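**Q** Once you've had a glance at the structure underneath, I'll fire off some questions.
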Amino acid sequence: MTFIYETYYLNIISLIVCFSFILFFLILFSFFVNSHNIILLLILNELMVFFIMLIFLCFGFLFDDLIPQVFVLFLLIITSCEVVIAFSLFIVFKSSFKTLNVSKCYYNK
């Protein structure tokens, strides 16, 4: 009876990992194609990190290991600091260039 549950969880984990890989590479592709808006770039960056953390958690559950969960905890701390720095840079960028479009920004002295 436990074998049925183990294969069921294995199928769910493999689907989550495949879904995360597909979305990660789609976001990576859109990150390089649509690199005009700063807010969009920040959101895509956070989504990429989120899917990487989801893959780590699935592999940690699959191999019954605690190290990926600790690594995801550190990644959460780092991304929260990254969000604060990114939004402060966003405020400076908006006040300096008066636009959010990266391709239209140039600095006049």
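**Q** Using the Cα centre of the chain as origin and beta-carbon charges of +1 (Lys, Arg) and -1 (Asp, Glu), tell me which of Ile78, Val92, Phe32 is placed farthest towards the positive end of the dipole.
**A** Farthest towards the positive pole: Val92.
**Q** List the trypsin sites (Lys or Arg not before Pro) in the stretch 58-105 that DSSP assigns to loop (not H, G, I, E or B) and whose Cβ has at most 14 other Cβ atoms within 10 Å. Which are they? Let's see the in-between values first.
**A** On the way: sites: Lys94, Lys98, Lys104; in loops: Lys98.
Here the trypsin sites (Lys or Arg not before Pro) that fit, given the DSSP loop and packing criteria, are Lys98.
**Q** Then there's this: Viscosity 0.692 mPa s, temperature 37 °C: Stokes-Einstein D of the chain from its Kirkwood Cα radius, in µm² per second? Let's see the in-between values first.
**A** Details: Rh = 16.3 Å.
Estimated via Stokes-Einstein, D reaches 201 µm²/s.
**Q** Next question. Given an 8 Å cut-off on Cα distances and at least 6 residues of separation, report the relative contact order of the stretch 26-107 as a percent. Write down the numbers at each step before the final one.
**A** Values: 45 pairs, mean separation 28.4, N = 82.
It comes to 35 percent, rounded to a whole number.
**Q** Using a simple charge model, +1 on the beta-carbon of Lys and Arg, -1 on the beta-carbon of Asp and Glu, nothing else, what dipole does the chain show about its Cα centre, in debye to the nearest 20? Intermediate values should be presented prior to the final figure.
**A** Values: 4 positive and 5 negative charges, 176 e Å.
Once rounded to the nearest 20, the dipole reads 840 debye.
Coordinate-derived values only; no laboratory data. Bear in mind the structure is a predicted one, so any value in this text is a computation, not a measurement. Cβ atoms come from the backbone with ideal geometry, glycine included; neighbour counts cover every protein chain shown.
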